[in-house]
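The values are calculated or read from the model by the stated rules, or taken from the named source; none is laboratory data. The structure displayed is predicted, hence computed values, not measured ones. Here the Cβ is made from the backbone with ideal geometry for all residues, glycine too, and neighbour counts use every protein chain on show. When the accessible area is computed, the model is the full protein with side chains, heavy atoms only, and any ligands, DNA or RNA have been set aside. Shrake-Rupley method; radii C 1.70, N 1.55, O 1.52, S 1.80 Å.
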Amino acid sequence: MNLAYARWIETEFEKAPLEIIDGDRGKNYPKQSDFSNSGYCLFLNTGNVTSSGFNFSECNFISRERDAALRKGRLQKGDVLLTTRGTVGNTAWVDDTIPYSVMRINSGMVIIRPNTEKLLPEFLYFFLRSPKFGEQVNSLTSGTAQPQLPIRDLKGIKIPLPPLEEQRRIAAILDKADDVRRKRKQAIALTEELLRSAFLEMFGDPVTNPKGWEVRKLSDLIVGKPNNGVFRKNDEYSGNIPVVWVKELFSGHIIDCTNSRTLDPTDKEIKNFGLKKGDILFCRSSLKLEGIGYNNVFDGDDYSALFECHTIRVSPDQCRVNSIFLNYLLRQPGPRKHLITRANTVTMSTIGQDEVMQILVPLPPKPIQDNFEKLLRYVMSVQQKLMINDEQNLFNSLLQKAFRGEL
């Protein structure tokens with residue numbers, strides 16, 4: 001433990017040197033028609049505040065007049081934001097790098113304004129990203145259908161308050177580590193963009209098919225029949241064989257089931273729901289429409305994993321089509337739009353096997369497909385060397401140590 005830790009004070013937010021400011025929720029709160037793509041005041045939405053700072057890729061603005069009609073919720077330099085509804089616990093802070101001079105929060109977040117003579121904004125920001133803060137939030141929001149963190153509950157959360165020189169030193173260490181993590185994440189994004197550019201150069205847009213490849217329905221390119229996965233009660237998922245859950249479909253370019261729940265399956269379940277190398281799974285039901293139909297390919301040994309009931313499995317005819325290529329193609333905007341526009345959204349978004357089978361697929365010669373697989377696997381090896389996951393784990397470990405007084 002850092003010897004200076006003995007001088008740390010821990011106190012509740014309500015007694016800490018900070019102010020918690022809510023947004024304006026009155027009659028002048030902006031309507032959808034008040035927003036535009038540019039304007040006087042950036043009106044933040046929850047997508048602008050992530051688990052690791054601001055994201056300004058999609059912004060809503062309001063006019064000077066609409067801004068003047070609002071009473072609360074305008075940001076100033078040094079403010080720290082926290083999302084308090086839906087996705088609870090995302091945070092960002094207003095430093096010198098922020099490109100907008102006038103910003104307001106929406107009703108799903110609060111401003112935490114520190115007294116900078118006693119609490120540095122950057123220290124507060126990193127505390128809000130730390131496991132120490134997250135654990136307290138989880139204890140307050142677990143079990144609720146729509147997670148919320150009311151100000152009355154936020155006031156009871158405890159924050160450590162070391163002397164300013166300790167805050168400054170800790171924040172500087174975490175900022176350098178966060179910068180490394182951020183740059184490696186940017187490098188990952190660059191490899192993804194290069195891969196997509198290479199795909200378009202090799203095959204063109206699957207919708208317009210500018211290279212004139214043969215076009216077939218997905219149903220013509222599979223062996224056997226598509227099927228939905230195994231269903232068990234939640235308390236029955238334990239055993240030796242992993243079950244690929246919907247969330248694993250979003251894990252990268254191939255399915256990663258290293259952290260999946262497991263089963264001791266029956267022989268019948270292994271026969272019916274055992275995955276084979278090259279099988280492609282689709283998300284068939286999702287609370288979010290944009291998740292519907294999302295797909296990924298299984299790259300493990302035959303029958304080394306099962307798949308669950310909210311997914312649809314298809315087995316490509318690998319003599320005619322490369323599964324890695326096909327999986328990437330099916331993630332493109334055209335095939336995704338085909339499934340999303342055909343989803344049933346009465347209670348939750350769902351699609352059936354028939355909708356999946358009707359996807360139109362341009363089919364270049366098999367050797368060209370195989371070349372794309374080589375390129376994709378090379379990109380994956382580069383991404384692995386960048387160790388973005390390890391870097392994130394290292395950063396989380398530093399956050400943990402920092403607020404235990406161990407840095």
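Side notes on the structure shown:
- Every listed requirement among (1) over 14 Å from V49 (Cα atoms); (2) open to solvent by less than 50 Å² (accessible area, probe 1.4 Å); (3) touching a helix residue (DSSP H, G or I) at 6+ places or on another chain (Cβ under 8 Å) is met by V80 save one, (1).
- When segment 25-69 is limited to residues that are touching a Gly at 6+ places or on another chain (Cβ under 7 Å) and without any contact (Cβ under 8 Å) to a residue 60 or more places away in the chain, the one that is farthest from I98 (Cα to Cα) turns out to be S63.
- The numbered conditions (1) open to solvent by less than 60 Å² (accessible area, probe 1.4 Å); (2) in contact with an Asp or Glu (Cβ under 6 Å, 6 or more places away or on another chain); (3) over 25 Å from N55 (Cβ atoms) are all true for V94 except (3).
Conditions tested, residue by residue: (1) in contact with a helix residue (DSSP H, G or I) (Cβ under 6 Å, 6 or more places away or on another chain); (2) open to solvent by less than 50 Å² (accessible area, probe 1.4 Å).
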residue: Y328; (1), (2): no, yes
residue: K337; (1), (2): no, no
residue: V346; (1), (2): no, no
residue: V356; (1), (2): no, yes
residue: L363; (1), (2): no, yes
residue: F372; (1), (2): yes, yes
residue: Y378; (1), (2): no, no
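- Considering residues of segment 256-279 that are hydrophobic (A, V, I, L, M, F, W, C) and in contact with a helix residue (DSSP H, G or I) (Cβ under 9 Å, 6 or more places away or on another chain) only, the residue modelled with the lowest pLDDT: C257
- Contacts under 8 angstrom Cβ, first residue in segment 344-361 being among the aliphatic types (A, V, I, L, M), partner at pLDDT below 95 and surrounded by fewer than 14 Cβ atoms within 10 Å (Cβ to Cβ), 6 or more apart: M348/L287; I351/N344
- When segment 306-326 is filtered for residues that are more than 21 Å from V207 (Cα to Cα) and open to solvent by 10 Å² or more (accessible area, probe 1.4 Å), the ones remaining, listed by number, are C309, H310, R313, S315, D317, Q318, C319.
- Looking only at segment 382-398, and only at residues there that are modelled with pLDDT of 80 or more and touching a Lys or Arg at 6+ places or on another chain (Cβ under 6 Å), the one that is surrounded by the most Cβ atoms within 10 Å (Cβ to Cβ): F395
- Yes/no for K185 being of a type in the set (D, E, K, R), over 27 Å from the mean Cα position of the chain (by Cα) and over 27 Å from E14 (Cβ atoms): no
- Against the numbered list (1) open to solvent by 20 Å² or more (accessible area, probe 1.4 Å); (2) within 24 Å of F35 (Cα to Cα); (3) not acidic (D, E), T116 comes up short only at (2).
- D96 meets all of the listed conditions (1) at pLDDT 95 or above; (2) farther than 23 Å from E14 by Cβ; (3) not small (G, A, S) but one, namely (1).
- Residues located in segment 240-290, provided they are assigned to a strand (DSSP E or B), touching an Asp or Glu at 6+ places or on another chain (Cβ under 8 Å) and closer than 23 Å to M357 by Cα: V244, G274
- Evaluation of Y303 against (1) surrounded by fewer than 17 Cβ atoms within 10 Å (Cβ to Cβ); (2) out of contact with any Lys or Arg (no Cβ under 8 Å at 6 or more places or on another chain); (3) within 21 Å of W245 (Cα to Cα); (4) not small (G, A, S) (one fails), failing number: (2)
- No other residue among G224, G229 is open to solvent by 30 Å² or more (accessible area, probe 1.4 Å) and touching a residue at least 12 places away in the same chain (Cβ under 8 Å) apart from G224.
- Meeting the requirement of 3 or more residues that are among the aliphatic types (A, V, I, L, M), the helices (runs of 4 or more DSSP H) wholly within segment 293-407 are 323-330, 366-386, 388-402.
- Of the residues making up segment 28-37, one or more are in contact with a helix residue (DSSP H, G or I) (Cβ under 8 Å, 6 or more places away or on another chain), open to solvent by 40 Å² or more (accessible area, probe 1.4 Å), over 27 Å from A402 (Cβ atoms) and outside any strand (DSSP E or B).
- Helices (runs of 4 or more DSSP H) contained in segment 65-173 and holding at least 1 residues closer than 20 Å to D22 by Cβ, over 25 Å from the mean Cα position of the chain (by Cα) and of a type outside the set (A, V, I, L, M, F, W, C): 121-128, 151-154
- Residue count for segment 1-27, restricted to those that are open to solvent by 50 Å² or more (accessible area, probe 1.4 Å) and modelled with pLDDT under 95: 9.
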